[in-house]
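Peer 1: What follows is a single structure, and I will ask about it in a moment.
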Amino acid sequence: MDLQLQGRTAVVTGSTAGIGLAIAERLAAEGVEVVICGRNQAKLDAAAAQVGAAGKVRAVLADPATAEGAEALIAAAPDADILVNNLGIYEAKAFADITDADWHRFFEVNVVSGARLARHYFPRILEKNWGRVIFIASESALVIPGEMIHYGMTKTAQLAIARGLAEQTRGTGVTVNSVLPGPTRSEGIVEFIRSVVDNKNAPEAEREEAFFTKLGPLSLIRRLIEAEEIAATVVFLASPLAAVTNGASIRAEGGIVPTIA
């Protein structure tokens with residue numbers, strides 16, 4: 001299927017690994033010039049080589065979780081048709097142990113970073129009367145996990161920002177949506193699963209099964225999602241073919257959320 005994205009430009013944050021890297025690679029394969037960013041030069045170079053094998057890529061050493069990093073990214077790529085706010089962090093922590101610093105850090109990285117970039121790119125996208133802003137949220141925005149309430153809070157906040165921006169697109173060719181992945185395979189999630197299951201030395205497949213039994217019993221697919229599966233949803237939403245999907249929270253969580261939301 002031709003997604004009609006040839007010649008567009010996209011900025012993808014959190015793009016040196018996991019979902020962000022898969023999105024960047026899939027966009028590049030569709031003919032999009034992709035701007036990726038990261039804090040570590042070696043990881044950035046490796047990601048650029050991987051995305052570059054699929055298409056055009058520009059790599060920027062910058063961390064949009066900070067105001068200085070966002071400025072550096074914007075200076076390197078002042079214009080884009082598509083903004084994918086994927087940057088985010090997570091951890092399991094008992095509510096009583098979440099410090100003020102933890103609350104501020106999670107809000108800064110997961111919420112403010114995307115708001116900063118949208119503040120720059122969204123008005124420019126509106127002026128062109130075509131473009132996409134996509135926030136990578138989580139099913140935790142709807143089903144707040146008791147073991148990481150601070151993370152869930154930030155994901156709900158992303159939905160609020162995305163919907164508020166979408167309200168400003170009436171009658172234009174611009175859309176703003178959120179995508180809600182469920183637990184997606186990455187180095188980080190494998191270690192997270194190890195941290196929350198009882199038998200931390202069990203084989204990986206057994207730990208994954210124990211995780212869904214203990215913390216994800218509502219999952220219909222009963223497995224980790226692959227990053228490429230989320231990327232397929234995001235790239236479709238980034239395309240002209242998804243023109244009628246706007247202001248939506250698209251669930252790609254394997255059926256964890258049991259009701260329509």
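Peer 1: Quick one: which residue in 22, 17, 115 is within 18 Å of the chain's Cα centre (by Cα) and surrounded by 21 or more Cβ atoms within 10 Å (Cβ to Cβ)? Outline the logic, then answer.
Peer 2: Working: 17 fails: surrounded by 21 or more Cβ atoms within 10 Å (Cβ to Cβ); 115 fails: surrounded by 21 or more Cβ atoms within 10 Å (Cβ to Cβ).
Criteria check complete, one pass: 22.
Peer 1: Are any of the residues in the stretch 242-256 in contact (Cβ under 8 Å) with a residue 24 or more places away in the chain and charged (D, E, K, R)?
Peer 2: Yes, the stretch 242-256 contains a residue that is in contact (Cβ under 8 Å) with a residue 24 or more places away in the chain and charged (D, E, K, R).
Peer 1: Sticking with this one: Can you pull out the residues in the stretch 179-199 that are farther than 30 Å from residue 132 by Cβ and either exposed (fewer than 12 other Cβ atoms within 10 Å of the Cβ) or of a type in the set (A, V, I, L, M, F, W, C) (or both)? Please lay out each step first, then the result.
Peer 2: Residues of the stretch 179-199 farther than 30 Å from residue 132 by Cβ: 190-191, 193-199.
Residues satisfying the conditions are 190, 191, 193, 195, 196, 197, 198, 199.
Peer 1: Out of the stretch 132-160, which residues are out of contact with any Ser or Thr (no Cβ under 6 Å at 6 or more places or on another chain) and either part of a loop (DSSP other than H, G, I, E, B) or among the acidic types (Asp, Glu) (or both)?
Peer 2: 138, 139, 142, 143, 144, 145, 146, 147, 148
Peer 1: Continuing with this model, one more query. Which members of the stretch 192-216 meet the condition of being part of a loop (DSSP other than H, G, I, E, B) and not charged (D, E, K, R)? Outline the logic, then answer.
Peer 2: Of all residues in the stretch 192-216, those part of a loop (DSSP other than H, G, I, E, B) come to 197-203, 215-216.
Hits for the stretch 192-216 are 197, 199, 201, 202, 203, 215, 216.
Peer 1: In the stretch 66-111, what count of residues is obtained for those that are under 14 Å from the mean Cα position of the chain (by Cα) and not hydroxyl-bearing (Ser, Thr, Tyr)? If you could, list the steps in order and put the result at the bottom.
Peer 2: As a first pass, look at the stretch 66-111 and keep what is under 14 Å from the mean Cα position of the chain (by Cα): 82-90, 109-111.
Cutting the leftovers down to not hydroxyl-bearing (Ser, Thr, Tyr) gives us 82-89, 109-111.
Total meeting the criteria: 11.
Peer 1: Just checking: which of the helices (runs of 4 or more DSSP H) contained wholly in the stretch 1-91 hold 2 or more residues that are closer than 20 Å to residue 114 by Cβ and among the charged types (D, E, K, R)? Can you show your working first?
Peer 2: Values: elements: 18-29, 41-52, 67-76.
Ranges flagged: 67-76.
Peer 1: What are the residues in the stretch 163-178 that are charged (D, E, K, R) and closer than 14 Å to residue 130 by Cα, if any?
Peer 2: If the condition is that a residue be charged (D, E, K, R) and closer than 14 Å to residue 130 by Cα, then 170 is the only one that fits.
Peer 1: Assess whether residue 208 counts as being over 20 Å from the mean Cα position of the chain (by Cα) and surrounded by 20 or more Cβ atoms within 10 Å (Cβ to Cβ). If you could, list the steps in order and put the result at the bottom.
Peer 2: Details: over 20 Å from the mean Cα position of the chain (by Cα): yes; surrounded by 20 or more Cβ atoms within 10 Å (Cβ to Cβ): yes.
In short, yes.
Peer 1: Hey, residue 246 hits all of (1) closer than 26 Å to residue 26 by Cβ; (2) among the polar types (S, T, N, Q); (3) outside the structural domain of residue 168 (by TED's automatic domain parsing) but one; which does it fall short on?
Peer 2: That leaves (3) as the condition not met.
Peer 1: Of (1) under 17 Å from residue 82 (Cβ atoms); (2) in contact (Cβ under 8 Å) with a residue 24 or more places away in the chain, residue 127 satisfies all except one. Which?
Peer 2: Of (1) under 17 Å from residue 82 (Cβ atoms); (2) in contact (Cβ under 8 Å) with a residue 24 or more places away in the chain, only one is false for residue 127: (2).
Peer 1: Could you please find all residues in the stretch 161-170 being without any contact (Cβ under 8 Å) to a residue 60 or more places away in the chain and either surrounded by fewer than 15 Cβ atoms within 10 Å (Cβ to Cβ) or outside any helix (DSSP H, G or I) (or both)? Give the steps one after another, and end with the answer.
Peer 2: Residues of the stretch 161-170 that are without any contact (Cβ under 8 Å) to a residue 60 or more places away in the chain, as a first pass: 161, 164-165, 168, 170.
Residues satisfying the conditions are 164, 168, 170.
Peer 1: Are there any pairs with C-beta distances below 8 angstrom linking a residue in the stretch 171-200 that is without any contact (Cβ under 8 Å) to a residue 12 or more places away in the chain to a residue that is part of a helix (DSSP H, G or I), with the two at least 6 apart or on different chains, and if so which?
Peer 2: Filtered contacts from the stretch 171-200: 199/206; 199/207; 199/210; 200/194; 200/207.
Peer 1: Quick check on the stretch 211-235: of everything there that is surrounded by fewer than 18 Cβ atoms within 10 Å (Cβ to Cβ) and in contact with a helix residue (DSSP H, G or I) (Cβ under 6 Å, 6 or more places away or on another chain), which residue is nearest to residue 54 (Cα to Cα)?
Peer 2: My answer is 228.
The values are calculated or read from the model by the stated rules, or taken from the named source; none is laboratory data. Please read all numbers here as calculations on a predicted model, not as lab measurements. Cβ atoms come from the backbone with ideal geometry, glycine included; neighbour counts cover every protein chain shown.
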